[in-house]
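Data first, discussion second: the structure below is written as structure tokens.
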């Protein structure tokens with residue numbers, strides 16, 4: 001799981017930015033759009049407010065539950081006070097703890113923080129009362145496109161609740177582009193589909209002027225009533241805040257995965273993200289040994305790893321670290337050989353597979369879904385039953401067509417596979433070339449998922465969605481009725 005406010009990049013890039021500054025283009029807007037006197041907030045106002053006050057670095061939290069520990073505010077304190085901060089002899093920023101206290105109070109109304117190191121990000125020296133940055137990078141200013149805003153008058157002033165989405169252009173998620181960069185339609189290094197769509201919209205709108213920045217172009221589109229044409233991501237982000245002395249005071253920050261977790265969506269995601277290889281662990285106790293993530297890392301990266309293999313598959317330890325952080329929110333893994341499966345070579349920092357096999361994708365059918373808001377996120381708890389069809393353990397994959405599943409051995413198809421085939425034919429799902437994945441998805445859409453032969457032993461997954469993929473909080477064994 002990445003920090004929600006940061007794009008993890010090379011330490012060298014950070015040091016370069018710290019020493020020389022990250023150059024963009026164009027001037028920042030004046031601050032008249034950020035005054036607290038305004039009782040309404042337009043999409044244009046919010047766009048610049050979010051960029052200037054780095055809404056992307058705000059920690060996720062529910063209203064009334066602002067974090068009390070320093071780790072949640074370290075990046076916000078750094079990003080809002082970057083220019084006056086000094087670097088040590090190694091080129092890493094040093095930040096006084098008092099500055100973190102001031103930032104937490106000014107922007108979040110939080111006092112009496114508990115100070116401690118943030119593993120992999122900041123080292124805290126209690127004697128000196130200061131933090132030292134470690135090797136990481138950070139994103140440029142965000143480009144948020146507002147969808148809705150409500151304003152409520154309270155004793156403390158106007159409270160705004162804003163829902164917004166990010167640009168659907170990956171170049172704006174890191175250090176490549178920001179609202180303050182001058183538009184260059186001929187730049188070939190940036191070529192995501194979202195950016196191409198945005199550039200085409202800016203050119204076709206007739207609003208473009210030479211030397212215009214992306215922020216100026218985006219707010220011009222908003223002024224022209226074309227906000228709905230700006231390409232945005234599916235992830236919905238919400239902020240609740242009030243204005244005080246020209247700056248926001250945050251009351252809550254939430255986000256969801258941007259889509260409804262239907263039974264069909266879960267079925268497809270469980271195949272793509274290989275839920276069958278998620279290790280078992282209790283919530284709050286994700287494993288810290290690399291061995292628990294080796295097979296999951298391999299299975300998600302099977303094709304490129306096997307293509308590079310000369311004999312046995314070799315897998316960089318760094319890839320295991322990335323997988324554990326992205327899918328489980330775990331950092332600082334301990335690397336060692338995993339007997340009978342992977343040999344670890346500390347000199348090369350890579351794993352070599354030994355002789356073993358693995359199963360094909362498992363078909364999961366959702367039995368129940370519970371959602372809750374926790375820490376500013378939508379948390380999903382799904383009880384799912386795997387299909388009890390032995391052919392899918394090794395011989396078949398969900399992408400195999402029904403026409404291909406013709407076994408000469410008298411033992412096949414099994415009774416369970418025959419039952420699934422009959423279900424597919426009798427419900428009008430079959431067509432020439434249809435895959436089992438497509439057929440089962442259609443059965444689930446029809447509400448017939450429960451008629452598929454399912455195992456008695458089930459799985460309970462707890463996760464949230466981030467950047468289109470699940471981040472697992474727990475995985476348990478459960479049992480059917």
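Every read-out reported here was derived from the displayed coordinates using simple, explicitly stated rules and does not represent laboratory data. The model shown is predicted, which means the values in this text are computed figures rather than measured ones. Ideal geometry is used to build each Cβ from the backbone, glycine not excepted, and the neighbour counts take in all protein chains shown.
Between the stretch 346-418 and the stretch 183-230, the C-alpha centres lie 43 angstrom from each other. With Cα atoms as the point set, the radius of gyration and Dmax of the stretch 160-253 evaluate to 14.8, 42 Å. With the highest mean first, a sort of the peptides 275-283, 153-161 on other beta-carbon atoms found within 10 angstrom per residue produces 275-283, 153-161. How big is D, in µm² s⁻¹, for the stretch 287-417 by Stokes-Einstein at 10 °C and 1.306 mPa s if Rh is the Kirkwood radius over C-alpha pairs? D = 90 µm²/s.
Note the angle between two axes, namely the Cα long axis of helix 415-426 and the longest principal axis of the Cα atoms of the chain, as a number of degrees from 0 to 90, rounded to the nearest 10. Around 70 degrees separate the two axes. Entry for the stretch 275-353 at q = 0.19, 0.24 Å⁻¹: log10 I(q)/I(0) = -0.77, -1.21, Debye formula applied to identical alpha-carbon scatterers, no solvent contribution. Taking a ≥ b ≥ c as the square roots of the eigenvalues of the alpha carbon gyration tensor, the stretch 108-230 is oblate, as a/c is not under 1.5 and a/b does not beat b/c. Mark the label point 7 Å from the Cα of residue 467 along Cα→Cβ and return the residues of the stretch 319-355 whose backbone N is within less than 20 Å of it. Counting only backbone N, you get 319-333. Does anyone have the angle between helix 11-20 and the longest principal axis of the chain? Alpha-carbon axes, 0 to 90°, nearest 10? Between helix and principal axis, roughly 10 degrees. Restricted to Cα atoms, the chain shows a radius of gyration and a Dmax of 25.5, 80 angstrom. For the chain, the mean residue ellipticity at 222 nm estimated from helices alone is -7500 deg cm²/dmol, where every DSSP H run of n ≥ 4 contributes -39500 (n - 2.57) and the total is divided by all residues, rounded to the nearest 500.
Packing here is the average count of other Cβ atoms within 10 Å per residue, and on that basis the peptides 130-140, 428-438, 209-219, highest first, run 130-140, 209-219, 428-438.
Working value for the stretch 313-366: equivalent-ellipsoid semi-axes of 23, 18, 9 Å, each the square root of 5 times a Cα gyration tensor eigenvalue, largest first. With the highest mean first, a sort of the peptides 169-178, 332-341 on other beta-carbon atoms found within 10 angstrom per residue produces 169-178, 332-341. Principal axis extents of the C-alpha atoms in the stretch 11-253 (largest first, rounded to whole Å): 59, 47, 30. Relative contact order of the chain, taken over Cα pairs closer than 8 Å and 6 or more residues apart, is 14 percent. Full extension of the segment from residue 359 to residue 427, taken as 0.36 nm per residue of separation minus the current Cα-Cα distance, would add 21.6 nm.
Beyond 16 Å, what percent of the Cα pairs of the stretch 361-479 remain? When all Cα pairs of the stretch 361-479 are counted, 65 percent exceed 16 Å. Taking the square roots of five times each eigenvalue of the Cα gyration tensor of the stretch 47-97, the equivalent ellipsoid has semi-axes of 24, 16, 7 Å, listed largest first. Just so you know, the averaged projected area of the alpha carbon convex hull for the stretch 277-319 sits at 3.4 nm². When only Cα pairs below 8 angstrom with a gap of at least 6 residues are kept, the stretch 361-479 shows a relative contact order of 29 percent.
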